[in-house]
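The values are calculated or read from the model by the stated rules, or taken from the named source; none is laboratory data. The structure presented is a predicted model; accordingly, all values stated were derived computationally and were not measured. Cβ atoms come from the backbone with ideal geometry, glycine included; neighbour counts cover every protein chain shown.
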Amino acid sequence: MKNVVIGASGQVARALRNEFAKHGESVVFTSSKPSAEQFLNLSDLASIDSFFAKQSLAAGAHIYLVGALTHVDRCETEQALCRAINVLGPVRVGEICAKRGYKLCYFSSEYVYGEAEYQGGRVGPFLETDPAAPTSYYGASKLEAEQLLQKIPSLDLLVIRTTMVFSFDQDGMNYFMQLFRHLQKLERGEASPTFKIPVDQISTPTYAPALAQATIALMQMEMGIFHVVGEDCLSRKAFLERICQEFGFSKEKYLPGIEFLETKQLGQAAKRPLTAGLSVEKAKRAGVRIWNLAEAFQEIRTLQKS
């Protein structure tokens, strides 16, 4: 066996599963559910040790660490849990990978940036070389994990920073699907709570299947820190408008069901990056294909039909 994906439940893990299947590659997916056959809970170091002790992995195996506590406001209010899952667990995985000669891919976030803008400094899209400055405990936890992993001797490490990941899944909770289902209800004339959109948040939406393709490609050829996101940098309001344009939602029907606000009006526990997004020039130079929204939406329309 060559591949392990830690954290089986999210959309990135599903996209990796589909990509591995295309190439007939074997892969094991772990889950933090107690009933899981391949149990691994990042907040429980003993479970990490136990999982790897049971695996027959040769040196050079690829470990994809997708699992994390990504609820930004919960991370702000439950910092000990956040650090256990997002920092201490990944570091233990990194130590094991270094000892056994495995390659590790750690998924990080745009949220390692953003605070500089609040201080009158740098805004996005950010380069890999830009100084990190998290706005929240979630961002700080991802940055701390990056830094500690890079200090582990002999660890073959790829860090993928991404953001605003989306995919087509009728039951999914990614931002695209939340908007899409809301627009469908409005189009049908169904009552639905007003959807609040922050007009001052700018980012680079990332299509999950494209992220999976790029990640697997980079694991074959490059280590280091890479930003892997979509080609388009736009506000969440512009993202809504692109969805409506591409999927034919009526402006007259959806506008009454949307409320446009500034981020500070949302009353969230954690401070968010505002003018953010990530630059993909380094990934492009490495030969990685970067998708734009038009390509992603075209594939989603195909999935809808099937």
Residue pairs qualifying under the 8 Å Cβ cut-off, at least six apart or on distinct chains, with the first in region 267-295 being in a loop (DSSP other than H, G, I, E, B) and the second being at pLDDT below 95, are 286/221; 286/222; 287/221
Helices (runs of 4 or more DSSP H) enclosed by region 32-136 - at least 2 residues per element that are over 27 Å from residue 213 (Cβ atoms) and of a type in the set (Ser, Thr, Tyr): 45-54
Being among the acidic types (Asp, Glu) and touching a residue at least 60 places away in the same chain (Cβ under 8 Å) is the filter; apply it to region 145-190 and report the residue that is farthest from residue 226 (Cα to Cα). 187
Being closer than 16 Å to residue 211 by Cα and of a type in the set (A, V, I, L, M) is the filter here, so list the residues in region 144-190 that pass it. 158, 159, 160, 164, 165
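Which one of these is touching a residue at least 24 places away in the same chain (Cβ under 8 Å), in contact with a Cys (Cβ under 9 Å, 6 or more places away or on another chain), over 19 Å from residue 159 (Cβ atoms) and hydrophobic (A, V, I, L, M, F, W, C): 81, 45, 104, 57?
81
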Is there a residue being assigned to a strand (DSSP E or B) and surrounded by fewer than 18 Cβ atoms within 10 Å (Cβ to Cβ) anywhere in region 181-191? no
Those residues of region 247-292 which are polar (S, T, N, Q), over 23 Å from the mean Cα position of the chain (by Cα) and under 16 Å from residue 236 (Cβ atoms), in sequence order: 265
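Which one is nearest to residue 123 (Cα to Cα), of the residues in region 208-255 that are assigned to a helix (DSSP H, G or I) and without any contact (Cβ under 8 Å) to a residue 12 or more places away in the chain? Let's see the steps before the verdict.
Within region 208-255, the first condition is being assigned to a helix (DSSP H, G or I), and the residues that meet it are 208-221, 236-247, 251-255.
Then keep just the ones that are without any contact (Cβ under 8 Å) to a residue 12 or more places away in the chain; that gives 220, 238, 241, 245, 251-252, 255.
Details: 220: 32, 238: 18, 241: 23, 245: 28, 251: 31, 252: 34, 255: 29 Å.
That would be 238.
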